[in-house]
Amino acid sequence: MITRLEEILFRRRHATVAVFLALTVGLGYFAARTHVDASFDKQLPTDHEYIRNFKKYQEQFGGANRVVIALVAREGDIFTAEFFRTLKAVTDETFYIPGVDRSQVTSLFTPNVRYIEVVEDGLAGGNVIPADFVPDAGGLERVRQNVIKSGRVGMLVSADFTGAAVIASLLEVDPQTGRRLDYAAVAAVLETRIREKHQSAAVSVHIIGFAKVIGDITAGARGVLLFFAVAIAISAVLLYYFSQSLVLTVLPLFTSFCAVVWQLGLLNLLGYGIDPLSILVPFLVFAIALSHATQMLRSFRYEYNAGGNELQAARESFRNLFVPGTVAIVTDTVGFLTIYLVKVPIIQELAVTASLGVTLIILTDRFFLPVLLSYTSMAPEFRKRVTFRRFAMQPTWRALQRLTTGPRSLVIIAVALGLWAFGLYTARQVRIGDMHAGVPELRQGSRYNQDTAAITAKFSIGADVLTVLAETVPNGVIDHEVMSLVDRFAWHMRNVEGVQSTLTLTDYARTINAGWNEGSLKWRILPRDPTVLAQAVSPVETSSGLLNQDGSVIPVMIYLKDHKAETIQRVVAAVKVFRERNPAPKVRFQLATGNVGVMAATNEVVDAAQFPMLVWVYGATIVLCLISFRSWRAAVCVVLPLMIVSDLAYALMVYLEIGLKTSTLPVVALGVGIGVDYGIYLCSGMLERLRAGESLEDAICMSFATMGTSVVFTGFALAIGVGTWAFSALKFQADMGVLLSFMFLFNMLGAMLLMPALASWLFRKQRASAPAPSAA
Amino acid sequence: MTPTPDPSRPSVRRLLPVAAAACALLWAAGAESAAPAESSEPAPLAARSLLLDVARAGDTLVAVGDRGHVVLSSDQGRTWTQVIVPTRAMLTGVCFPDAEHGWAVGHDGVILATENGGRTWTRQDDGTGLDVVYLDVLFLDPRRGFAVGAYGRFVATEDGGRTWTPRRPGEDEVHFNRITAGPDGSLFLAGESGTALVSRDGGVRWAPLNVPYDGSLFGILPLENGHLVAYGLRGHILLSDDNGRVWQPHNSDLRVLIMAGTRLGADRVVLGGQGGNLFVRRDPGGEFAPWKPAALGASVAELLDPGDGSLVVVGEGGALRLEVP
């Protein structure tokens, strides 16, 4: 079959090149149209119980996709004419942010914010900022009193009266046009029309919300491209040194680049965009392609050196590398596909895009590259230079072979096992979810995270809210039993560590009931009499989002200090404990909406998928190794180093304080994809010679000299290139850079040191000389 | 600066259409009988949530409030620890005639008693009076005491709370907000619709005081030599120099509900109410000056002199110590 393929590709090699070039140009056209495609909904694990509840109530109670705009007076408090002018202008402007759910916009100036107060003849209420508001001393004082009466201190106004907030909810699909929301545009509007326009010497503006995060990450992604360029440039320089030939440098880079172009083009054709959080995928495809291209290049050089002409060398390389290359790429693909097990659309999309991209490498680097190589004509001194270096390197490879197969192989194995034990132990401490307040994808000092800190410090509604929905019977809101249970639940949650405040209908009902009783705090209760309770509930409108139309659902908003994984876990556990201890036929406390509800669901999905994913990744790798090598020993040699390195990668995540979440979970699978190439190439090189009857030592040494050179080269080149990402302004990219760099390097070390050490014991029958018994 | 209701927005809107139907369900609430075996729940934030009354039991301060919260402080209100009591109802009043014996009352007809300075409490009511709302309690000594509340509720005991006898101090079924005792043994009852009653015989017979205000009064604070301070809704402060025969209004411009008043040291009087507004009179002839401490953002339910020159405030935001300027 290989021979047939070879015939097809090489007999009419002009046609082959023409077809591939045409494909590249065609797909390049579509690749150029690649757009950034961020989506809040894509991050939702659709099958999860919490998300089903979230979807069910999203329309009624607003989504989790909030934008909080906080205005803070730089001096004194908010009760100045200028501050209120700004607040009014920002409120008005907020209604015109694209995608805003206008019914949900909330600020002191919106009609859904009302106060209720006691007068001698009963209860009176009105808008916090009355229609005839004049920002003079009297008017401002009146607003101050109304704010206190409205019970929104800490929510719409900071507890110390130095800040006020405008809260809005975004709809991802415009209900009128049906068009998807462009988050980058929203973020731009927030910056230009809100922050730049209204920030002044008197008022500072702080904006948080998913739209802003995506905006900032997308903005940072432009920097990402620069870092990609740096990584590629570094690889190119190293590649030139490795190949000793300009054309041999350009061709692998070109075909690897083709893989990325094809991938982006196909994705565009399939209707996918690039999510800012998946922006690394094209680079990974490039990196893996380059690794395979380097093998091809090395083989071509070897065959050319062995005496063939350029065409013969290219055909020989195509044939020799077809099996290990294809196995490695298929393994990569399967590794990436296992990420599909995590039932979060954004991750499943990543699985599709990454595995598609890697599969394309078969075409570009297995087929296209050797055909292109066949056109080259090497300068005469090239052969000399390469031969010289090959002989110069020979002692090094021999020494490395002695080290790894000699008595010290046991040391290598012992060290590896020790590291593995350490990795396994530390990896258990890896946290699901976020480990810091703010957004981990951005640096702690970024404006977004500073805005988050400013808002959380001033307001009791931070950015993080978990909404539990008390589902009850129709008119449950005037059932004392129901309401007092909801009230107790809210108080139970308020006392949980990490909860900043809670807000629910019963808070209002109690305050209103006190209002009916002259405002006396001693009547801040839920009346037992349904008629009286109804009087306390009826002033609360459904537009407040505190109850639904028929009074059968009561959301309990739980505002958290942060969204660290442990905080979320603690709070969700507290909900479950209360639910279990207080079984009520009429009330079901349903988790959960709010952004933390989404995070809780995602964390649970990630946690649940983590183990099956590893089983599938390794299972697939083992099966593919068994099939292609037909030797369980070889499979062990390839897979064991991989497992150790991915465990160490988890341990590294613990030290870097990176939590496992939708954006970081795929890294391990990607790491396996990267690492497996090295092992497969080296092992196949070794097996081929063992099966030809050579001794283990010679087989390993030969494999080092052939496959090994490019493994070492790729490992270093990519680790250095990716290592520069640590300086990226995007924390997410910096983290990924460190992790990937670690995996490129350690997988290389695993393949070059541990693999032969393991082989020296697993294949010891084929040793030239028995190892010294005193080795241990 | 009167907060006037916005006429264009009717304040008392339609009830839920179901309210009428719900009335039919009234019996269901009444049918929930028998003493529920519930007790208050431990809550780390108990001392920082709604507290409604505070009393001195020897050197200990005892505060009571929402959800059956009872918290004790042995350092003049700096730190508090919760004790668990056999109710979850809101407790509205607490009184300690001596260091050991104390009573607390509240919603759902709850009467709690302690004999060890507040460390453990037992129920003295039978748990069936779910519609009874007590708003204050006063014990003259460990045997004689009163509990007063909504709809003219007034009960007295002569045996330390083992038996309670209902009495009718007035004709109307008004809310009695607070009962206080003066230095000469006179008792004062303040309540709805300008209710101000005095008893000179230990609470048996009650006579109305002629207070020129028909809104709600939340308390009458008796001082030395027949001086009285009455306070209530919308900044109303009324003073009398002659045991309540003649009253002068000294109303505050701040039209807030004044819920509590206390003497601080020998001369000062502090009143407190809605929105963290306090009023301080520094000497007997002076006026009440508004004072809004920055630390206090929330409404005040009770004020207490812990005896060390500071002021202990309880209310919406829990318990707080303040230094009065």
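Bear in mind that the values in this text are calculations on the coordinates, not laboratory data. This is a predicted model, so every value here is computed, not measured. Positions of Cβ are generated from backbone atoms using ideal geometry, with glycine treated the same way; all protein chains shown enter the neighbour counts.
Data table
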read-out	value
Dipole of segment B:229-314, positive end: most advanced residue of B:Val312, B:Gly276, B:Ser240 [Cβ charges, Cα centre]	B:Gly276
Alpha-carbon Rg with Dmax, taken over segment A:228-330, Å	15.3, 49
Descending principal axes extents, segment A:492-577, alpha-carbon based, whole Å	43, 29, 22
Pairwise FRET efficiency - B:Asp59 versus A:Thr531, Cβ, R0 = 60 Å, nearest 0.05	0.85
Ranking of A:His14, B:His175 by count of other Cβ atoms within 10 Å, fewest first	A:His14, B:His175
Length released on extending from A:Arg390 to A:Trp761, taking residue separation times 0.36 nm less the Cα-Cα span	130.7 nm
Cα-based reach from A:Lys197 at 23 Å (exclusive), listing lysines while leaving out same-chain residues under 8 positions away	A:Lys88, A:Lys212, A:Lys458
Chain B - charge dipole about Cα centre, Lys and Arg +1 at Cβ, Asp and Glu -1, debye rounded to 20	620
0 to 90° range, to nearest 10: angle between helix A:731-749 axis and chain A longest Cα axis	30
Number of partner chain Cβ atoms within 10 Å, mean per residue of A:525-538	6
Cβ charges +1 (Lys, Arg) and -1 (Asp, Glu), total dipole of segment A:134-280, debye	240
Segment A:294-359: radius of gyration over Cα atoms, expressed as a fraction of 2.2 N^0.38 Å	1.56
Segment A:662-713 versus segment A:286-302: alpha-carbon centroid distance in Å	13
Viscosity 0.692 mPa s, 37 °C: Kirkwood-radius Stokes-Einstein D of segment A:651-776 over Cα pairs, µm²/s	203
Label zone at A:Asp607 (point 7 Å along Cα-to-Cβ), backbone N below 12 Å, segment A:405-432	A:431-432
Least to most buried among A:Tyr272, A:Tyr183 (fewest other Cβ within 10 Å first)	A:Tyr272, A:Tyr183
Helix A:447-458 vs. chain A, principal-axis angle (Cα, 0 to 90°, nearest 10)	30
Chain A: angle of helix A:380-405 to the longest principal axis, Cα-based, in degrees nearest 10	70
FRET efficiency for B:Val204 and A:Arg588, using Cβ-Cβ distance with R0 set to 51 Å, rounded to 0.05	0.40
For segment A:301-458, projected area of the alpha-carbon convex hull averaged over all directions, nm²	16.4
Burial ordering of A:Met686, A:Met493, fewest other beta-carbon atoms within 10 Å first	A:Met493, A:Met686
Extreme residue, positive dipole direction of the protein assembly as shown, given options A:Met483, A:Thr714, A:Asn268 (C-beta unit charges)	A:Thr714
Restricting segment A:332-422 to chymotrypsin sites (Phe, Trp or Tyr not before Pro) in coil, as DSSP defines it, with at most 15 other Cβ within 10 Å	A:Tyr375
Radius, Kirkwood style, for segment B:155-310 when every pair of distinct Cα atoms is counted (Å)	16.1
Sparsely packed trypsin sites (Lys or Arg not before Pro) within segment A:1-90, loop by DSSP, other Cβ within 10 Å at most 14	A:Arg12, A:Arg33, A:Arg74
Segment A:533-557 versus segment A:1-50: alpha-carbon centroid distance in Å	53
Cβ-based charge dipole, segment A:605-763, positive-most Cα from A:Ala651, A:Met686, A:Ser628	A:Ser628
Fraction of alpha-carbon pairs over 18 Å apart in segment A:475-529 - percent	36
At 0.890 mPa s and 25 °C, Stokes D of segment B:72-182 from Kirkwood alpha-carbon radius, µm² per second	172
Packing-based order for B:311-320, A:307-316, using average beta carbon neighbours within 10 Å, highest first	B:311-320, A:307-316
Two-site label geometry, A:Ile8 and B:Ala99: point separation in nm, points 7 Å out along Cα→Cβ	10.0
For chain A, calculated [θ]222 nm from helices alone, where every DSSP H run of n ≥ 4 adds -39500 (n - 2.57)	-20000 deg cm²/dmol
Measure of compaction for the protein assembly as shown (Cα Rg per 2.2 N^0.38 Å)	1.22
Proximal aspartates and glutamates relative to A:Lys55, as straight alpha-carbon distance under 15 Å, when same-chain residues fewer than 8 apart are discounted	A:Asp41, A:Asp47, A:Glu172, A:Glu471
Total charge dipole magnitude, the protein assembly as shown, about the Cα centre, Cβ charges on Lys, Arg, Asp, Glu only, Debye to nearest 20	5380
